[in-house]
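Here's the structure, in structure tokens; my notes come after.
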Amino acid sequence: MCLTSSLRPDCVSGVRLALRARFLSIAAWLVVFVVGAALLAAQFSARQPATVGLDVGLSVLRLALPLAIIILVQELFSREFDRRYFLMSLTYPRPRYGFLLGRVAVVATLSAVLLVTVGLLLAGVIWWVGTGYEQSTPVALGAPYWVTLSFLAADLLVVTCVATFLAVVAVTPSFVLVGTLGFAIAARSYSTIVALLRDHPDVVSHADRYGDSVELLGYLLPDLAALDTRMAALYGSWTFVPESWAITLLGSVGYGAGFIGLAIWAIQRKRFS
Amino acid sequence: MRFSPLFAVVFFLAFLGSVYIKGHTVTPHAPQPAMEGRVVISAPVQLLMYGGDRFLGANLEAMRIAATGGGTGESNTAYLIRAHHVVAELNACHEDNYYIGNALLSLGGAQDEGSELLRLAADCRFWDEYPPFFYGLNELFLNRNAQAAQHAIEEAAKRSTSNVAALKSIAIRIRAAEIGDERLMVTYLNHEKELASDPGLKAMLEKRIVRLEGLLLLREAQEKYENQVGRPLKSPDELLTAGILRIFPEDPLRIGYEFIDGTFRLGQVKIR
């Protein structure tokens, strides 16, 4: 998207702002956390060190990347409004949606580059861990691993879209943090909670009613837990990728696109003071 | 406004005074209820705690078991049962969970719960021969259910790529009631103890081996008694009065052995 001439200035300024927000430093710390957590976790496993290392590495990646995205969104949108940079960036003779789409493209591209970089390093570390102990079920670092990362990228794209909408409508940058994290936790957990309550109704009283209420969230939030297909990489079997992956993927990306539409609508009507 | 720093100092001093007085006042404490076992947080709550990541919850709980599950007694077994079950709920495919859980629970007074872990793992790990194999071993040796054991070992043979012939042979021998060698379980545990790198796990397996050897001693003594007297054993005390045993074997896990329907079995933990 940044290659089109109309968005290029916004993309360039977005990358500069991201670098000023210490994106490289964030990326370096993310690598240290993910690789360190994977190596330490592997030490705790008696039978499957590579599997546990990969599992924990993916978990840290899945938890930390939304934080990096939120920092970028805060820098590229909230700070823009706080510091009144919009007096420059939005006074050009072009529509506001160009500014928004350019910045979203920068956040999405930088987080995708970060995901691929950390993913490569994680795969290398896990391969090295795997050489120390021959597991009965080795991890699959080929296609299943990269498919898992692709689904994670879709998950992060949805998070980026929601964070962008919140950044446009929110008054304070901290609301972007709270709102996006709340959304991510709810969207990633509700379907699993419904499944656990169905299997174990003794966890809460009136589990059926409680489960029905949580199930209603399915009409409000995308099922991001279904996009977590790491079992295919952990145990080397495509069976763990749900049959309905295409509809889940389309639904989730459509949900994110909807929020981008709302964000464009909001920024077109936003009154800057 | 001029006196605001003074106000601040006065109120901070008052706060420090209240902390000092509270720290030097002896107040009778209400008796606290005794702690029975460690806390295990349910799977849905763990899911929320870890940002909706069930795999992270399973891994961290499995690490906690590896680091803290080394005690003995009923409260420790009850803790292990709950913790292993929560891991299985979050990720039934977790290999460490079913493997260590089976070793610690099935021979640690909770054979039903150990077998349940294996059943869940066998469902999730549909390609893996080990969960049904261990399940069959438990059914054969602990539950004396040859038919269930044979089915489980046949399932393991279907899944196996390198041990098909050996597993099929075991299943056939079970059907023909040829496998009566209960030392098989002890041999297997000794092998696992040698492979274990963690000293804590080694010590835990050692206790279970001693417990199992105690059971074998009782079963051998029963067989000897019945051959000598020519009638089934009615009470374990008859082994002492007949002079076959001087004392009953001691269970290092302090759960004991049971004599039910004329058969010695490993005692089970009573979960309240």
> Restricting to region A:14-59, what's the tally of residues that are more than 30 Å from B:TYR130 (Cα to Cα) and of a type in the set (A, V, I, L, M)?
Replying inline: 14
>> Of the residues A:VAL52, A:VAL12, A:VAL73, only one is β-branched (Val, Ile, Thr) and touching a residue at least 60 places away in the same chain (Cβ under 8 Å); which?
In response: A:VAL73
> In region A:45-68, is there at least one residue being more than 14 Å from chain B (Cβ to nearest Cβ) and part of a helix (DSSP H, G or I)?
Replying inline: yes
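Return a yes/no flag: does region A:144-165 have any residue that is in a helix (DSSP H, G or I), of a type in the set (A, V, I, L, M) and over 24 Å from A:ASP55 (Cβ atoms).
Keep residues of region A:144-165 that are in a helix (DSSP H, G or I), which gives A:144-165.
Remaining after also requiring of a type in the set (A, V, I, L, M): A:147, A:149, A:152-154, A:156-159, A:162-163.
When the remaining residues are screened for being over 24 Å from A:ASP55 (Cβ atoms), the result is A:162-163.
Checked against the condition, which is being in a helix (DSSP H, G or I), of a type in the set (A, V, I, L, M) and over 24 Å from A:ASP55 (Cβ atoms), region A:144-165 yields at least one hit.
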> Looking at B:LEU90, B:LEU118, B:LEU48, which is the one that is surrounded by 22 or more Cβ atoms within 10 Å (Cβ to Cβ) and either under 24 Å from B:GLY267 (Cβ atoms) or facing chain A (nearest Cβ under 8 Å) (or both)?
Replying inline: B:LEU118
>> I want to confirm something. Restricting to region A:203-244 and keeping residues that are more than 21 Å from B:ASN91 (Cα to Cα), at pLDDT 75 or above and not in a helix (DSSP H, G or I), which single residue is farthest from the other protein chains (Cβ to nearest Cβ)?
In response: A:LEU220
> Regarding A:THR117, is this residue touching a helix residue (DSSP H, G or I) at 6+ places or on another chain (Cβ under 8 Å), farther than 16 Å from A:LEU166 by Cα, within 14 Å of another protein chain (Cβ to nearest Cβ) and among the hydroxyl-bearing types (Ser, Thr, Tyr)?
Replying inline: no
>> For region A:174-196, check the following and say yes or no: at least one residue is more than 14 Å from chain B (Cβ to nearest Cβ) and hydroxyl-bearing (Ser, Thr, Tyr).
In response: yes
> Which one of the conditions (1) in a helix (DSSP H, G or I); (2) within 28 Å of A:ALA195 (Cβ to Cβ); (3) not charged (D, E, K, R) does B:GLN150 fail to meet, given that it meets all the rest?
Replying inline: (2)
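Has region A:245-257 got any residue that is in a loop (DSSP other than H, G, I, E, B), closer than 30 Å to A:PRO95 by Cα and among the small types (Gly, Ala, Ser)?
From region A:245-257, those in a loop (DSSP other than H, G, I, E, B) are none; that's our starting set.
No - not one qualifying residue is present in region A:245-257.
Can you find, within region A:145-171, the residue that is surrounded by the most Cβ atoms within 10 Å (Cβ to Cβ) among those that are hydroxyl-bearing (Ser, Thr, Tyr) and touching a residue at least 40 places away in the same chain (Cβ under 8 Å)? Walk me through how you get there before you give the answer.
So in region A:145-171, the residues hydroxyl-bearing (Ser, Thr, Tyr) come out as A:145, A:148, A:150, A:160, A:164.
Filter once more, keeping what is touching a residue at least 40 places away in the same chain (Cβ under 8 Å): A:145, A:148, A:160, A:164.
On the way: A:TYR145: 22, A:THR148: 24, A:THR160: 25, A:THR164: 30.
Only one residue fits best here, namely A:THR164.
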> Quick one: which of A:GLY98, A:GLY142, A:GLY130 is over 30 Å from A:VAL12 (Cβ atoms) and in contact (Cβ under 8 Å) with a residue 24 or more places away in the chain?
Replying inline: A:GLY130
>> Checking B:VAL87 against (1) part of a helix (DSSP H, G or I); (2) modelled with pLDDT under 85; (3) in contact with an Asp or Glu (Cβ under 8 Å, 6 or more places away or on another chain), only one condition comes out false. Which one?
In response: (2)
> Among the residues of region A:186-202, is there at least one that is farther than 30 Å from A:ARG47 by Cβ and at pLDDT 90 or above?
Replying inline: yes
>> Being within 14 Å of chain A (Cβ to nearest Cβ), closer than 24 Å to B:ARG175 by Cβ and part of a helix (DSSP H, G or I) is the filter here; which residues of region B:124-146 pass it?
In response: B:TYR130, B:PRO131, B:PRO132, B:PHE133, B:PHE134
> Residues in region A:66-75: is at least one under 23 Å from A:LEU234 (Cβ atoms) and of a type outside the set (Asp, Glu)?
Replying inline: yes
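Filter region B:93-109 down to the residues that are more than 11 Å from chain A (Cβ to nearest Cβ) and either surrounded by fewer than 24 Cβ atoms within 10 Å (Cβ to Cβ) or within 21 Å of B:MET63 (Cβ to Cβ) (or both) and list them by number.
Restricting attention to region B:93-109, the residues satisfying the condition of being more than 11 Å from chain A (Cβ to nearest Cβ) are B:101-102, B:104-109.
Residues satisfying the conditions are B:GLY101, B:ASN102, B:LEU104, B:LEU105, B:GLY108.
The values are calculated or read from the model by the stated rules, or taken from the named source; none is laboratory data. Keep in mind that this is a model prediction, so the values were computed, not measured. Quick reminder, even Gly has a Cβ in these numbers, built from the backbone with ideal geometry, and neighbours come from all protein chains shown.
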